[in-house]
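Data first, discussion second: the structure below is written as structure tokens.
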Amino acid sequence: MTDTLTTNSMTLGEALPKEMARIRDVIMPRYIEIGPAGAFALMMMRRDLDAAAKAMAEGDLPAMIAAYQALTGYED
């Protein structure tokens, strides 16, 4: 599997916000539509989005990498 960062030639500072938006705008609405059955997955996504936002705000590179990897685990 090819790394998204390498393929698109994006920096982590560009890729992480893009991945956060993908989760918020594409993935989460799908889980909201299915109702209570999607509640646990939504909770996990919110946790990962919060961790990503915190890592970016603090400029914590290892945490940003971990957050990016966690977010890319959610498939369309």
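Could you say whether any residue in the stretch 48-71 is touching a Phe, Trp or Tyr at 6+ places or on another chain (Cβ under 6 Å) and in a helix (DSSP H, G or I)?
We begin by selecting, within the stretch 48-71, every residue touching a Phe, Trp or Tyr at 6+ places or on another chain (Cβ under 6 Å); these are none.
Checking the stretch 48-71: not a single residue is touching a Phe, Trp or Tyr at 6+ places or on another chain (Cβ under 6 Å) and in a helix (DSSP H, G or I).
From the residues in the stretch 1-29 that are among the polar types (S, T, N, Q) and either farther than 19 Å from Ala51 by Cα or not in a loop (DSSP other than H, G, I, E, B) (or both), which one is modelled with the lowest pLDDT? Spell out the reasoning first.
Start the filter on the stretch 1-29 by keeping residues that are among the polar types (S, T, N, Q), which leaves 2, 4, 6-9, 11.
From what's left, either farther than 19 Å from Ala51 by Cα or not in a loop (DSSP other than H, G, I, E, B) (or both): 2, 4, 6-9.
Numbers: Thr2: 43, Thr4: 50, Thr6: 50, Thr7: 49, Asn8: 62, Ser9: 83.
Per the criteria, the residue is Thr2.
Residues that are free of Cβ contacts under 8 Å to residues at least 12 places away in the same chain and of a type in the set (Ser, Thr, Tyr) within the stretch 44-76 are absent altogether.
The values are calculated or read from the model by the stated rules, or taken from the named source; none is laboratory data. Predicted, not measured: the structure shown is a model, and the values here were computed from it. Reconstructed Cβ throughout: ideal geometry from the backbone, glycine too, with neighbour counts over all protein chains shown.
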